[in-house]
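To start, the structure under review is shown below, and the notes come after it.
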Amino acid sequence: MSIPIHDGRTNDLYQTLAKCEDLNDMQLFLDRHSEYFTDWKAFINYLLDSGGYSYTQFARLCGISRNTIISWCEDGKIPRSREQFVRIGFAVNMTLNDINDFLQRYGKYPKLNAKNIEDAVTIFSLHSHFNYDQCLELKKHFLSILEHILNERKHSKEYTYFSTNQIESELLTLKSLIDFETFVDKNAKAFANCYVNLSDFIDSYISLNTQHTSESSGTLNGFLRETIDNPRLIAGFNTMVSKLKCHGTIPSRIHLIALGIHLRMTAEDINTMLDFAGMEPLCAKDKLESIILFAAEYAVIQNPEIEFSNAFLLKQYTKNVKLKEKCDSVINRLAITDYKSDSDTDLFEYITQTLFNIDSDITDDLLYLLGKKTKEIPKQS
C-alpha cells in the first residue's frame, strides 16, 4: 500500500514563508495557507477509506480500541504514544520509509533508529514481514540479550561516533534471527551510545551559553536558574536531559525545540539537534513551527553575528568531527561577508515576543516551556 504522507507542498510553503518580512506578513501566511497545514484527522480517515475499513475492522487490525479509533477519525485526537503510530504502520503494511515519515510528520516523534535496540528490532521485523505481536516478543528477547552483553563488557557511554546509515544498511541485509543476534553482539557499543551525538550537541550548547558565567558552573541547571523563574520548569528540563544521557530516552519534539530556543540556537542548529534525535526539521506545514522558523531566521537576518558566534563557539566545544566541519563552513562563509550589524537582537527574546504577538492558542504550550506562561506543563509522551 502506497502511503501519501508527503504531498510535495512543504518546500513551496517554506519559500512563501521565507518571503515574510514582518509580523503582519507572518499572520497573513498563517491565514492564507491554513488548508495546507498538516491534518491528522484527514490522514487517518484516508487510511480507513483507502483500505475499506470500518472503525471496528481497523481497531482489530491495530489492536486498539474502537472508541480510540473513533476519537482519531471524528474528533481529530492524536495517538498518545509513538508505539501507537508504529502499530498503525504495521497494520496497514507501511514500508520502513513510510513509517519513518509517519512518525516524524504526524506523530512528531523520532524515526526508527538502527542504533536503538528496540527500533532495530522493529526495522528487522518490518523487513522480515513479521507482525506487530511478533515484533513485541522479539523486543523483549533482544533487550535481555543486549543487557547481558553490556553488563559483561561494561560499555561506557563516552563519545564514540557510529554511522547510523551504515548500521541500518547492515541491518537490512539480515536474513534470520541468528543473523540478527550476531548483529546485536557486534554492534552492542553502538546501541550503548545510541544518542551520543544528541547529548554532545546539547552539552556543547550549554557550554557555549555558560562560558563567561561562573555562577552557572557550565551546567544546564545553573544556566536555567539564571534565565527562568520557575523551579518546576527547570527541574523538568534537567530530568529530560538526564533521561537522555542515562537511559537514551528522547525528549518530546516540543521540549527539544523549547530547549533549543532557551540555548539561543539558530533555526539551522535546532534542525541539527532534531536530526540527531531522529526527527524531521522544523516544518513550514506546521503552524507553530512556521512561526518559529520565521522568528529565528528573521532574528539572524537582523543580527548575523548570532550565526557566526554560535558556529565559532560550537566548534570549540563539540566532539563531533563532522559538526566541526559544518561550523567551519559557516565561519568561512560569514567571515568573507562584509556586514556591519547595529542590531542587538537576541534570538530568545525575539522568538518569544513573536510567539506572544501571534494571536493563536497554538503558542501557549511552547510559551510556558519558555518560561513566559503560568500554566500546567505539557506532559511528555
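Quickly estimate the mean residue ellipticity at 222 nm for the chain, helices only: each DSSP H run with n ≥ 4 gives -39500 (n - 2.57), and the total goes over all residues, rounded to 500.
-19500 deg cm²/dmol
In this model, which of LYS139/LYS175; LYS41/LYS77; LYS115/LYS139; LYS111/LYS324 are farther than 19 Å apart at the alpha-carbon?
LYS111/LYS324
In whole angstrom, how far apart do the alpha carbon centroids of segment 171-237 and segment 55-93 sit?
31 Å
For segment 140-286, taking Cα atoms only, what is the radius of gyration to one decimal and the Dmax to the nearest whole Å?
17.8, 55
Tell me, Kirkwood radius of segment 239-344 from alpha-carbon pair distances, in Å?
15.0 Å
Given the convex hull of the Cα atoms of segment 57-147, what is a quarter of its surface area in nm²?
The number I arrive at for segment 57-147 is 5.9 nm².
Using the Cα gyration tensor of the chain, with a ≥ b ≥ c the square roots of its eigenvalues, what is the shape: rounded (a/c below 1.5), prolate (a/b larger than b/c) or oblate (neither)?
Here the chain falls in the oblate category.
Only helices at least 24 Å long along their own axis, judged from Cα atoms, and with Kyte-Doolittle mean hydropathy of -1.0 or greater: name those in the chain from DSSP H.
Membrane-span-like by this rule: 132-153.
Please say if segment 104-202 is rounded, prolate or oblate, where rounded means a/c under 1.5 for a ≥ b ≥ c the square roots of the C-alpha gyration tensor eigenvalues, and otherwise the choice is prolate for a/b larger than b/c and oblate otherwise?
oblate
Roughly speaking, what is the stretch gain from THR227 to SER242, that is 0.36 nm per residue apart minus the C-alpha to C-alpha distance, in nm to one decimal?
That works out to 3.4 nm of additional length.
The numbers here are math on the coordinates, done by the rules we state, and not lab data. It should be emphasised that the depicted structure is a prediction, and the values quoted were computed from it without experimental measurement.
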